[in-house]
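Scroll down for the structure; my scribbles are underneath it.
Each value in this text was obtained by applying a stated rule to the coordinates, not by laboratory testing. Keep in mind the model is a prediction, meaning the values are calculated, not measured. All Cβ positions, even for glycine, are placed from backbone atoms using ideal geometry, and neighbour counts span all protein chains on display.
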Amino acid sequence: MGKFEWLTVTTRSSGENLSIGMHTLEGASKGPTLGLFSTSHGDEAYAVLVIREVLRRVDPAKLKGRILAIPLGNPVAFESFTRTTGQGMNTDMNNMNRVFPGDKGGWLTQQMAHAISSNFVSKVDYLLDFHCGGVESGIDYVLTHAGGNETHERSRQLSRIYGTEILFEHAKAVHSGTLTDLAIEQGKPSVVVEVGGSIPANDPNYLEKCVQGVFNVMIELGMWEGKKVLPKKQYLMRRRVLVRPTNGGMFQPEVLMDRLGKSVKGGTVLARVFNAQTFEELDVFTAPYEETIMIMMRGLLSRVNPGDYAYILGDFSSAEVIENA
């Protein structure tokens, strides 16, 4: 697994040191540095498995260049398994992927982001930023946006090379302060990979697909010998909707996780939310497009709060079909 080191952030109120772990795998010959990053959101931990497996498989003698990997970018949020940084008065509840490059003298999340920016982003030439489904959800696509300069164009190329069947392209950047925005501003092509979740965590075939995506990128960059594995067709979509419950309650799915990344017919009931005490039905989610792609979905009976993520649904009619030989 190469070298491991701790990036020091601060001292917590308990007296414990808060540090972020980083792996370095040096290849036997020269080449670019690829950064692998995961878990800026504490409940999106599936990619820890992906990064661990990649580092297990890479033989440094065959590697051209270097891999830097941070599997657990936000250990405080991971500890509480929440999207934002921790719970209670001793943490700031900030979204790490909105505060890059961070601030050494700022909120706790900003301090962690500063350590990552200074000791990780500054050293990489290319970056894969992994995001995942949470406790009750799964996700499967790569996210990019149109326009920009040569770095943006190379980022889009690598997004396709990673090899998910579904890609989504925003017309422009949606958020500020993201890790990939920071890297791209520094001229470093970057990819937002959104895969996995707690649901498919025990599926070896799915893990293999995610690991192969990293090797696809390494092969494309000349870091690794081999043949890229791509689906026969990829679908680059440009229209989607993010669906949230307006009411909290018991979430009862009718379309289950086996449809992740696949389509359902328009009007299909996806799930219902009902009051767990009175049994009153509060929300019904239906597929909005004639052919609706399940990009992100909840697939378990669970409780939801008003405004929680429920679905990201793509419009298949907006897709550009990419044929791979």
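Overview of results
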quantity: ³J(HN,Hα), Karplus 6.51/-1.76/1.60, whole Hz, each residue of region 78-85, x for Gly, Pro; calculated: 5, 4, 8, 6, 10, 4, 9, 7
quantity: Interchain or long-range residues, amide H under 5 Å from Leu18's placed H; calculated: Val9, Thr10, Thr11, Arg12
quantity: Linear extension gain, Phe279 paired with Glu79, 0.36 nm per residue minus alpha-carbon span; calculated: 68.6 nm
quantity: For region 266-281, 3J(HN,Hα) per residue [Karplus equation, 6.51 cos²θ - 1.76 cosθ + 1.60, θ = phi - 60°, Hz, x = Gly/Pro]; calculated: x, x, 4, 6, 8, 6, 10, 10, 10, 6, 6, 9, 9, 6, 5, 6
quantity: Two-site FRET efficiency, Lys62 against Ser19, from Cβ-Cβ distance with R₀ of 45 Å, rounded to 0.05; calculated: 0.90
quantity: Paramagnetic label zone (point 7 Å from Cα along Cα-to-C-beta, Lys123; backbone N under 20 Å) in region 50-94; calculated: 51-75
quantity: Region 131-202 and region 238-278: distance between their alpha carbon centers, rounded to Å; calculated: 24
quantity: Gyration tensor verdict on the chain (Cα atoms; rounded if a/c is under 1.5, prolate if a/b is larger than b/c, oblate otherwise); calculated: oblate
quantity: Separation in nanometres of the label points that stand 7 Å from Cα toward Cβ, at Asn202 and Thr268; calculated: 2.5
quantity: Cα gyration tensor shape for region 41-174, rounded if a/c is under 1.5, else prolate or oblate; calculated: rounded
quantity: Net length gained if the chain between Ser318 and Thr10 were fully extended (0.36 nm per residue, minus Cα distance); calculated: 106.2 nm
quantity: Cα→Cβ-extended label distance, 7 Å offset, between Glu220 and Val135, nm; calculated: 3.5
quantity: Local net charge near Ala28, Cβ-Cβ under 14 Å (Lys/Arg +1, Asp/Glu -1); calculated: +1
quantity: Calculated FRET efficiency for the pair Leu300/Asp103, C-beta based, R₀ 35 Å, to 0.05; calculated: 0.40
quantity: Fewest-first ranking of Thr286, Thr180, Thr91, using other Cβ atoms within 10 Å as the exposure measure; calculated: Thr286, Thr91, Thr180
quantity: Global geometry of region 239-318, whether rounded, prolate or oblate, following the gyration tensor of its Cα atoms and the 1.5 cut on a/c; calculated: prolate
quantity: Full-extension gain in nm, Glu291 to Gln157, via 0.36 nm per residue minus C-alpha separation; calculated: 45.6 nm
quantity: Convex hull of region 188-263 built on C-alpha atoms - directionally averaged projected area, nm²; calculated: 8.2
quantity: Trypsin sites (Lys or Arg not before Pro) lying in DSSP loop within region 146-198, provided at most 10 other Cβ fall within 10 Å; calculated: Lys172
quantity: Under 5 Å, built H, 5+ apart or other chain: amide partners of Thr286; calculated: Leu270
quantity: Among Thr246, Leu301, Tyr311 the positive-end extreme of the charge dipole of region 239-318 (Cβ point charges); calculated: Tyr311
quantity: Rounded to 5, the percent of DSSP beta bridges in the chain classed as antiparallel; calculated: 70
quantity: Efficiency of FRET from Cβ geometry, Lys228 and Asp258, R₀ 22 Å, rounded to 0.05; calculated: 0.25
